[in-house]
Amino acid sequence: MTIIAETDRLIIRTWIPEEDAKQAFEIYSDAEVTRFLITKAESLESVVNILQRWVTIAAQLNNGTGLWAMVLKETGEIVGTIVLMQLRDEDQQFTQDYEIGWHLKKSAWGKGYATEAAKAILDYGFNTLKLPVICSIVQPENTASIRVIQRLGMIPIGRTTRYYKMELEMFNVVAPT
């Protein structure tokens, strides 16, 4: 396990598929949580496979990006996932665009964890990985994520169909100078 970042309340770390599967299943088996996601879990085994795929993708890219667990420092509870990854185009080819995103379990909604984790990962992306721009893309109906994006100071770019084979709202933020 590697710790990517820490905040006042959270540790952001790599997933440990076998150990974390039960808590991840709670997140990715909830229809409300996965309403706007491609990732959905049907069994504990499917979650282990999802987490293993995420770990493998990060290792193969070997560029410091990934999909990481958001863990409460106080209790060790996993409350969600924070993502910083290269986006793929409609042909599944990696682009030069990097996306930040998050998924939280329902009991963690409205507590500021997404904003807190995203600020830490934006800092990591800009200062450690030296990324010039980080974007976020979201379904227009996902108002909760759009509110987080706004709190992060991301600028609306408009709608795009370049990623995930659907029309999405795109936002970005440029590295501070």
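Quick one, could you list the DSSP H helices from the chain stretching 18 Å or more along their long axis (Cα atoms) with average Kyte-Doolittle hydropathy of -0.5 or above?
Counting only whole DSSP H runs, the qualifying helices are 44-61.
What does the charge dipole of the chain about its Cα centre add up to, to the nearest 20 debye, if the Cβ of each Lys and Arg holds +1 and the Cβ of each Asp and Glu holds -1?
Charge dipole, the chain, about its Cα centre: 340 debye, nearest 20.
Would you list Trp15, Trp102, Trp109 from fewest to most Cβ contacts within 10 Å? Numbers along the way, then the final one.
Details: Trp15 24, Trp102 20, Trp109 14.
By the 10 Å Cβ count, ascending: Trp109, Trp102, Trp15.
First select every other residue whose beta carbon is under 9 angstrom from the beta carbon of Leu87; then total the charges, Lys and Arg +1, Asp and Glu -1.
-1
Calculate the tail of P(r) for region 57-114: the fraction of all Cα-Cα distances greater than 20 Å, expressed in %.
36 percent
Quick one: check the C-alpha center-to-center distance for region 100-121 versus region 47-72, whole angstrom.
Going from one Cα centre to the other spans 17 Å.
Taking only pairs that are 8 or more places apart or on different chains, how many Lys pairs in the chain have Cα atoms under 19 angstrom apart?
Qualifying lysine pairs in the chain: 14.
Quick one: compute the contact order of region 1-64, relative version, from alpha carbon pairs under 8 angstrom and 6+ residues apart, as a percent.
27 percent
Between Glu77 and Lys111, what length comes free when the chain is fully extended (0.36 nm per residue of separation minus the Cα-Cα distance, one decimal in nm)? Could you put the intermediate results ahead of the total?
Details: separation 34, 0.36 × 34 = 12.24 nm, distance 1.42 nm.
Working it through step by step, the gained length comes to 10.8 nm.
Put one equal scatterer on each alpha carbon of region 3-131, apply the Debye formula with no solvent term, and list log10 I(q)/I(0) at q = 0.12, 0.15, 0.18, 0.19 1/Å to two decimals.
-0.43, -0.68, -1.01, -1.13
Each value in this text was obtained by applying a stated rule to the coordinates, not by laboratory testing. Remember, it's a predicted structure, so these values are computed and weren't measured experimentally. Virtual Cβ from ideal backbone geometry, glycine too; neighbours counted across all protein chains shown.
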